[in-house]
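First the structure, in the form of structure tokens, and then the observations on it.
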Amino acid sequence: MGVGTVQFVLLADDPSTFVTRVVPFIDIELAGIPNDRHYGLLRPADSRQKIYKRGTPVANRRQISIVSEEECALIAQKMNIPEVRPEWLGANLFVRGVEKLTELPVGTRLLFPDGTGLICEGENLPCVHPGKIIEQVYEQDGLRKKFVPAARKKRGIVCSVEREGVITTGDTVEVVRLS
């Protein structure tokens, strides 16, 4: 068990991009965050679900994305840039104080003060899309290629919702490992 703090809550409500924006709070429903690009109980299978034909409806285990301040700082250090912002990674929660967030085992629960509960579904594997955003922000060619190796085991986690509620900037997050 451990306890961290929510530094920001974010929403991906612009359909033209995965980039998120900071909001004061997010409502959490069993299907995810209303108006967020990853909202829904189902999603079409993609390259992550190789056992199903692409486009087949499958359970949405990527409803919420969480990154940590500590791991974003490590990614920035490896990329030799001042910072990596959670918005650029498409994160919904930016937390501090959750040691090795990306390495949390599948099934770990994240609990919030009002009883909201999330289930860790695993590492959010790094891809080139955030690297493109970082390259644009810093106007520095080659950063997109540095992102994936720099973000391995530091890109954060994806979660599904176990119990509805509201998550607000400043909330504590209790990490409960079920083993």
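The values are calculated or read from the model by the stated rules, or taken from the named source; none is laboratory data. What you see is a predicted model, and the numbers here were worked out from it, not measured in a lab. Positions of Cβ are backbone-derived with ideal geometry, glycine not excepted, and every protein chain shown enters the neighbour counts. Accessible surface is based on the protein model in full, side chains and every heavy atom, while ligands, DNA and RNA are left aside. Shrake-Rupley method; radii C 1.70, N 1.55, O 1.52, S 1.80 Å.
Please list 3J(HN,Hα) in residue order for segment 85-95, calculated via the Karplus relation 6.51 cos²θ - 1.76 cosθ + 1.60 where θ = phi - 60°; whole Hz, with x for glycine and proline.
Coupling constants for segment 85-95: 8, x, 4, 5, 9, x, 6, 9, 10, 10, 10 Hz.
Where is the GNM fluctuation largest for the chain (alpha-carbon springs, 10 angstrom cutoff): Gly131, Gly97, Gly142?
Comparing Gly131, Gly97, Gly142 in the GNM, the peak value goes to Gly142.
For segment 82-162, give the percent of accessible area contributed by carbon and sulfur heavy atoms, probe 1.4 Å, rounded to a whole number.
The nonpolar share, carbon plus sulfur, comes to 50 percent.
For segment 156-171, take each phi angle, set θ = phi - 60°, evaluate the Karplus expression 6.51 cos²θ - 1.76 cosθ + 1.60, and give the result in whole Hz per residue in order, putting x for glycine and proline.
3J(HN,Hα) across segment 156-171, in whole Hz: x, 10, 10, 9, 10, 8, 9, 9, 6, x, 9, 10, 10, 3, x, 4.
Counting only heavy atoms of the protein chains, get the accessible area per residue of the chain (1.4 Å probe) and round it to a whole Å² value.
Heavy-atom accessible area per residue stands at 52 Å².
Rounded to the nearest 20 debye, what is the charge dipole size of the chain about its Cα centre when +1 sits on each Lys and Arg Cβ and -1 on each Asp and Glu Cβ?
Once rounded to the nearest 20, the dipole reads 940 debye.
Would you work out if segment 24-83 is rounded, prolate or oblate? Take a ≥ b ≥ c from the square roots of the eigenvalues of the alpha-carbon gyration tensor; rounded if a/c is under 1.5, else prolate when a/b is larger than b/c, oblate otherwise. Before the final figure, lay out each step's value.
Details: a/c = 3.74, a/b = 1.52, b/c = 2.47.
It comes out oblate by the Cα gyration axes.
With point charges of +1 on the Cβ of Lys and Arg and -1 on the Cβ of Asp and Glu, referenced to the Cα centre of segment 51-94, which listed residue (Ile51, Ser68, Ala91) lies farthest in the positive direction of the dipole?
Ile51
Using 23 Å as the Cα-Cα cut-off, could you pick out the over-long pairs in Lys100/Lys132; Lys132/Lys154; Lys78/Lys145; Lys53/Lys154? Please report the intermediate quantities before stating the final value.
On the way: Lys100/Lys132 25 Å; Lys132/Lys154 18 Å; Lys78/Lys145 12 Å; Lys53/Lys154 29 Å.
Pairs exceeding the cut-off: Lys100/Lys132; Lys53/Lys154.
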